[in-house]
């Protein structure tokens, strides 16, 4: 359902505080995340999940013209060496690449910020072609799609505050570049 809604969105906002957002993950990073799950997946299940995650990334190609993608990543997602140093380096390079796209704003919420309006967890906020807003949150073994104005307004406000708390897109790219440099030492 999330993939269908994402494909219908003219704007997609997302906050992630545990891992890099699935739309931006490299193959090796996605595989490392899935291999770390417990109880574990079979190798075949891991490869199916990785393939599905990468196929979902086609939405970024769809989000051109009047479509816009905005993402706030908690600094912890940049520093947690999922898959090891080389996998993380490639993931950070991917983030820097995508941050240059005209239809993408990528921001980092530093760990040294006293306030973080996303402590309740990761979520997505989608604005659809028909003007409707949909909020989507995931937790282990469950996900929730919210369409009611009361719920979506709360997520909309929360996302706006998170963007204000985060570094600007330009400063975020500089920050990601700094973290990337630390992986080379």
*Quick one: is residue 92 within 21 Å of residue 184 (Cα to Cα), part of a helix (DSSP H, G or I), over 12 Å from the mean Cα position of the chain (by Cα) and in contact (Cβ under 8 Å) with a residue 60 or more places away in the chain?*
yes
*Within the group 72, 20, 87, which residue is surrounded by 14 or more Cβ atoms within 10 Å (Cβ to Cβ), assigned to a helix (DSSP H, G or I) and touching a residue at least 40 places away in the same chain (Cβ under 8 Å)?*
87
*Mind checking which residues of the stretch 50-84 are over 17 Å from the mean Cα position of the chain (by Cα) and at pLDDT below 95?*
64, 65, 66
*Out of all the residues in the stretch 139-155, which are surrounded by fewer than 16 Cβ atoms within 10 Å (Cβ to Cβ) and either under 13 Å from residue 11 (Cβ atoms) or touching a residue at least 24 places away in the same chain (Cβ under 8 Å) (or both)?*
143, 145
*Consider residue 15 against the criteria (1) touching a residue at least 60 places away in the same chain (Cβ under 8 Å); (2) over 23 Å from residue 139 (Cβ atoms); (3) touching a helix residue (DSSP H, G or I) at 6+ places or on another chain (Cβ under 6 Å): it satisfies all of them except one. Which criterion is unmet?*
(2)
*the stretch 146-171, residues that are within 23 Å of residue 59 (Cα to Cα) and either touching a helix residue (DSSP H, G or I) at 6+ places or on another chain (Cβ under 7 Å) or in a loop (DSSP other than H, G, I, E, B) (or both)*: 146, 147, 169
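In the set 136, 175, which member is within 17 Å of the chain's Cα centre (by Cα), surrounded by 16 or more Cβ atoms within 10 Å (Cβ to Cβ) and within 25 Å of residue 50 (Cα to Cα)?
136
The values are calculated or read from the model by the stated rules, or taken from the named source; none is laboratory data. Here the structure is a predicted model, which means the values were calculated and not measured. Here Cβ is always computed from backbone atoms with ideal geometry, including for glycine, and neighbour counts include all displayed protein chains.
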